[in-house]
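To start, the structure itself, in structure tokens.
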Amino acid sequence: MKQTILFIAKILGLFEIASWLTRNRIRILGYHGIWFLDDHFGNFLYMDPEKFHARMSWLEQSKYSIISLGKAVDDLRQRKTTPYSVVITIDDGWYGTYKYMLPVLEQKSFPATLYVYTEAVESQKPLFHILISAIFQLSNKAILKTDSINMDSNICVDISSASKKQEALSDVLMKLHTLDSFQAEEFCRDITVALGFDYESILESRQFGLMSFDEIQKADQRGLDIQLHTHTHHVDIDAPEKIVDEISINRKKLESYVTSSLVHFCYPSGVHSPEVRRYLKANAVVSGTLCDTGLVTSETNLFELNRILDGQQVSQLEFEGEMSGFLELTREIRNKFKRLFA
């Protein structure tokens, strides 16, 4: 139904009208990593290389102007935005970003910002919880059965249905959370093998790992704007003062590798609060991007910058609906009606 409505709206010229009405609002695109193994896992977390290239090609041929995050923030401060401006942001610092996204951005001469999660960069270990989540989804096994001397208690559980698989995954992730780094790796290896995958090949692929500091330095030299994303990829709403150390460590780990200003921030998983924002502002951070969907106006708080999160399952029509502002205006009209009849 949504696709049909969007198709009709585009045919009727409503996308074009919405684009003109929202021309002075900034579109901040949000991406994460690239999926380059077989099949596919993730929607907003991983996009395949071909789809990312197609998106960038569409932008290149469109009327939109790709500007840097720094320019966008300066424009917002002056309350004078350039019509049809777009900012490209990428979260975390996945290896796939370096291998697949950066060459496309270079080819198109598009500025982009990468928010880096430094603890995972420093460890150079895969993110085990994501690796396990992926192999659970991709495995065609009906039973998860481990038989390893490395595990305190081996597992034998039915995963033949989606609900049983989800329940088993929740239990495995809960167990993973209790383990130290060495135990977590051994546990992840055993689960991976039990689900029918070659752990060493997955490890070697770097699908679930982040860039190294040397690669971040090279990305910076190639024009990627490197910015802040906390050290541990965690924001504690109940203890907002902890963000000070997160930013300090994040910045310190990056500063010797980059020429970027290190003053822009992305909230991990979109977690934020007024108290966290105050601590950011007091620690030389000038902007914060969210995971909330929307366009940015000259009235937007610089620490509450909405984005358009693009994903593998987002159709081209949906993408154009967001970029044009049609879906944004639709949400605004719907919210006005809700308030009117509340």
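The values are calculated or read from the model by the stated rules, or taken from the named source; none is laboratory data. Not measured: the values here are computed from a predicted model. Heads up, the Cβs are rebuilt from the backbone with ideal geometry, glycines too, and the neighbour counts pull from every protein chain shown. Calculation scope for accessible area: heavy atoms of the full protein, side chains included, ligands and nucleic acids excluded. Shrake-Rupley method; radii C 1.70, N 1.55, O 1.52, S 1.80 Å.
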Among the residues in the stretch 298-317, are any at pLDDT 95 or above, within 13 Å of residue 28 (Cα to Cα) and basic (Lys, Arg)?
yes
Given the stretch 226-342, what strands (runs of 3 or more DSSP E) lie entirely inside it while holding 1 or more residues that are open to solvent by 20 Å² or more (accessible area, probe 1.4 Å) and closer than 26 Å to residue 78 by Cα?
287-293, 305-309
Going through the stretch 10-44 one residue at a time, which ones are crowded, with 16+ Cβ neighbours inside 10 Å and in a helix (DSSP H, G or I)?
10, 14, 15, 18, 19
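Hey, does the stretch 134-150 have a residue that's assigned to a helix (DSSP H, G or I) and either within 30 Å of residue 220 (Cβ to Cβ) or without any contact (Cβ under 8 Å) to a residue 60 or more places away in the chain (or both)?
Applying the first criterion (assigned to a helix (DSSP H, G or I)) to the stretch 134-150 yields 134-138.
Right, trim to either within 30 Å of residue 220 (Cβ to Cβ) or without any contact (Cβ under 8 Å) to a residue 60 or more places away in the chain (or both) and you get 134, 136.
Scanning the stretch 134-150 turns up at least one residue that is assigned to a helix (DSSP H, G or I) and either within 30 Å of residue 220 (Cβ to Cβ) or without any contact (Cβ under 8 Å) to a residue 60 or more places away in the chain (or both).
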Six or more apart or on different chains, Cβ atoms under 6 Å: show the pairs whose first residue is in the stretch 7-26 and closer than 21 Å to residue 73 by Cα and of a type outside the set (A, V, I, L, M) and whose second is assigned to a loop (DSSP other than H, G, I, E, B) and open to solvent by 90 Å² or more (accessible area, probe 1.4 Å).
none
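Every residue, every condition in (1) of a type in the set (D, E, K, R); (2) at pLDDT 95 or above, yes or no:
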site: 49; (1), (2): no, yes
site: 57; (1), (2): no, yes
site: 73; (1), (2): no, yes
site: 81; (1), (2): no, no
site: 94; (1), (2): no, yes
site: 98; (1), (2): no, yes
site: 108; (1), (2): yes, yes
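Could you please let me know if residue 7 is assigned to a helix (DSSP H, G or I), open to solvent by less than 30 Å² (accessible area, probe 1.4 Å) and aromatic (Phe, Trp, Tyr)?
Values: assigned to a helix (DSSP H, G or I): yes; open to solvent by less than 30 Å² (accessible area, probe 1.4 Å): no; aromatic (Phe, Trp, Tyr): yes.
Here the answer is no, as residue 7 does not meet what is asked.
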With respect to the numbered conditions (1) exposed (fewer than 13 other Cβ atoms within 10 Å of the Cβ); (2) assigned to a helix (DSSP H, G or I), which one is the sole condition not fulfilled by residue 187?
(1)
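If you go through the stretch 110-126 one residue at a time, how many are touching a strand residue (DSSP E or B) at 6+ places or on another chain (Cβ under 8 Å), in a loop (DSSP other than H, G, I, E, B) and buried (at least 20 other Cβ atoms within 10 Å of the Cβ)? It would help to see each step written out before you state the result.
At the first step, the residues of the stretch 110-126 found to be touching a strand residue (DSSP E or B) at 6+ places or on another chain (Cβ under 8 Å) are 110-117, 120-121, 124.
From what is left, the residues that are in a loop (DSSP other than H, G, I, E, B) are 110-112, 117, 124.
When the remaining residues are screened for being buried (at least 20 other Cβ atoms within 10 Å of the Cβ), the result is 112, 117.
The qualifying residues number 2.
Of the residues in the stretch 46-56, how many are open to solvent by 20 Å² or more (accessible area, probe 1.4 Å) and either among the hydroxyl-bearing types (Ser, Thr, Tyr) or in contact with a strand residue (DSSP E or B) (Cβ under 6 Å, 6 or more places away or on another chain) (or both)? Break it down stepwise before answering.
Of the stretch 46-56, the ones open to solvent by 20 Å² or more (accessible area, probe 1.4 Å) are 48-51, 53-54.
Filter once more, so that each one left must be either among the hydroxyl-bearing types (Ser, Thr, Tyr) or in contact with a strand residue (DSSP E or B) (Cβ under 6 Å, 6 or more places away or on another chain) (or both): 49.
Going through the stretch 46-56 one residue at a time, the tally reaches 1.
Within the stretch 214-225, restricting attention to residues that are part of a helix (DSSP H, G or I) and acidic (Asp, Glu), which residue is most open to solvent (accessible area, probe 1.4 Å)?
So the first thing to find is which residues in the stretch 214-225 are part of a helix (DSSP H, G or I), and the list is 214-221.
Those still in the list that are acidic (Asp, Glu) too: 214-215, 220.
Values: 214: 94, 215: 27, 220: 17 Å².
The selected residue is 214.
Taking the stretch 93-109, which residues are open to solvent by 10 Å² or more (accessible area, probe 1.4 Å) and either of a type in the set (Gly, Ala, Ser) or in contact with a Phe, Trp or Tyr (Cβ under 8 Å, 6 or more places away or on another chain) (or both)? If you could, list the steps in order and put the result at the bottom.
Step one: of the stretch 93-109, the residues open to solvent by 10 Å² or more (accessible area, probe 1.4 Å) are 95, 98-100, 103-104, 106-109.
Listed by number, the residues that qualify are 99, 100, 104, 109.
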Residues of the stretch 202-232 being touching an Asp or Glu at 6+ places or on another chain (Cβ under 7 Å) and within 30 Å of residue 189 (Cα to Cα), which ones?
210, 229, 230, 231, 232
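Using the structure shown, decide if residue 86 is in contact (Cβ under 8 Å) with a residue 24 or more places away in the chain, surrounded by fewer than 20 Cβ atoms within 10 Å (Cβ to Cβ), of a type in the set (A, V, I, L, M) and touching a helix residue (DSSP H, G or I) at 6+ places or on another chain (Cβ under 9 Å). Write out each step before concluding.
Working: in contact (Cβ under 8 Å) with a residue 24 or more places away in the chain: yes; surrounded by fewer than 20 Cβ atoms within 10 Å (Cβ to Cβ): yes; of a type in the set (A, V, I, L, M): yes; touching a helix residue (DSSP H, G or I) at 6+ places or on another chain (Cβ under 9 Å): yes.
Against the criterion (in contact (Cβ under 8 Å) with a residue 24 or more places away in the chain, surrounded by fewer than 20 Cβ atoms within 10 Å (Cβ to Cβ), of a type in the set (A, V, I, L, M) and touching a helix residue (DSSP H, G or I) at 6+ places or on another chain (Cβ under 9 Å)), residue 86 qualifies.
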